[in-house]
Structure formats: structure tokens, C-alpha cells
Amino acid sequence: MHHFDEPVYMISIVAKILDIHPQTLRQYERENLIAPSRSDGRIRLYSQRDIEKIKTILRLTRELGVNLAGVDVVMRLKDKMETMEEELALLRQELSRMRNSSGVPPEKALVTKRSIYEMVIFEDDLLK
């Protein structure tokens, strides 16, 4: 079994798997929707991740009628959302860790403890 990101499939195989013309894959590459790896002989090699991305493109174009410019926008938004979800998960982990720890480091504290002493001097009229 190959790793999900390992480029192993040639363009003809991917075209057969997805039942599309190889020129369609070349078009997607020209539109910067996919970026297959290249062998030393400049042969396009696709990973399973590339195939999943192409399936998403095909779903958007065939089932939803989105043009390639729209697909580009959707894919970029999808990538941004995934990045934000990863960041959010990391922040949640850090928050959970901080809640479970015995104390919060001072540099991470939202509220700092300071002691401000004010001195009030009353004049005593009785002593005069």
C-alpha cells in the first residue's frame, strides 16, 4: 500500500480511474487546480491525494455546474478553512492544557496580579 501523498499514478491511469480524458487533467494543471509531481523524465505522477482533489473538481463541475474559475475559488476557500480548523484545534488543545495545568505562566496570564498600596494620612485635629 502506498502513502496517501506518494506520487505513483501516471496520467493515463488516473484518466481511466476517473473516466476522463487526459487533456482534462492537463487543463486542470494549466488552471493551477492540481499540481502533480514529475518524474526525472518529466512524466506526471499523481498521488491518491491528487486523485481525491480531482474527484472534488469533477463533483463541482459536473454535479453543481461550477466553472473552473469558481472551482479555483472554492478550492482556495476549502484550503483556508482547513488551515483555520487546524489552528482552532491547536488553540483548543492549548486551552485545555492550560485549564488542566496547576497554574498559568505569567507571560500567558490574562489577568496580572499587582499590589498597589495607597497610603492615606489623616490629620488629627485633636492632637493640635
Report task. Could you tell me which of the residues R92, R99 is farther than 30 Å from L58 by Cβ, modelled with pLDDT of 65 or more, over 21 Å from the mean Cα position of the chain (by Cα) and part of a helix (DSSP H, G or I)? Result -> R99
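For every residue, the table says whether it meets (1) surrounded by fewer than 11 Cβ atoms within 10 Å (Cβ to Cβ); (2) over 23 Å from S37 (Cβ atoms); (3) of a type in the set (G, A, S); (4) modelled with pLDDT of 95 or more.
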site: I54; (1), (2), (3), (4): no, no, no, yes
site: V71; (1), (2), (3), (4): no, no, no, yes
site: V74; (1), (2), (3), (4): no, yes, no, yes
site: K80; (1), (2), (3), (4): yes, yes, no, yes
Report task. Enumerate the pairs (first residue in the range 24-48 and exposed (fewer than 15 other Cβ atoms within 10 Å of the Cβ); second residue anywhere and outside any loop (DSSP other than H, G, I, E, B) and of a type in the set (A, V, I, L, M)) with beta-carbon separation below 6 Å, excluding pairs fewer than 6 apart on the same chain, so at least 6 apart or on different chains. Result -> E31/L68; S37/L45; S39/L45
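Condition check ((1) of a type in the set (A, V, I, L, M); (2) within 22 Å of D79 (Cβ to Cβ)) across all residues:
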{"position": "E6", "(1), (2)": "no, yes"}
{"position": "K16", "(1), (2)": "no, no"}
{"position": "I20", "(1), (2)": "yes, no"}
{"position": "D40", "(1), (2)": "no, no"}
{"position": "E52", "(1), (2)": "no, yes"}
{"position": "K55", "(1), (2)": "no, yes"}
**Report entry** Selection within the range 4-22 - touching a residue at least 12 places away in the same chain (Cβ under 8 Å), more than 26 Å from the chain's Cα centre (by Cα) and in a loop (DSSP other than H, G, I, E, B)
**Finding:** I20
Requested in this report: Those residues that are more than 20 Å from I11 (Cβ to Cβ), free of Cβ contacts under 8 Å to residues at least 12 places away in the same chain and in a helix (DSSP H, G or I), I need them from the range 60-77; list them, please.
Outcome: E63, A69, G70, V73, R76, L77
Query raised in the report: Can D50 be described as part of a loop (DSSP other than H, G, I, E, B), at pLDDT 80 or above and of a type outside the set (V, I, T)?
Result: no
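The values are calculated or read from the model by the stated rules, or taken from the named source; none is laboratory data. The shown structure was predicted, so the numbers you read here are calculated from the model rather than taken from an experiment. Every residue, glycine as well, gets a Cβ built from its backbone with ideal geometry; the counts of neighbours run over all protein chains shown.
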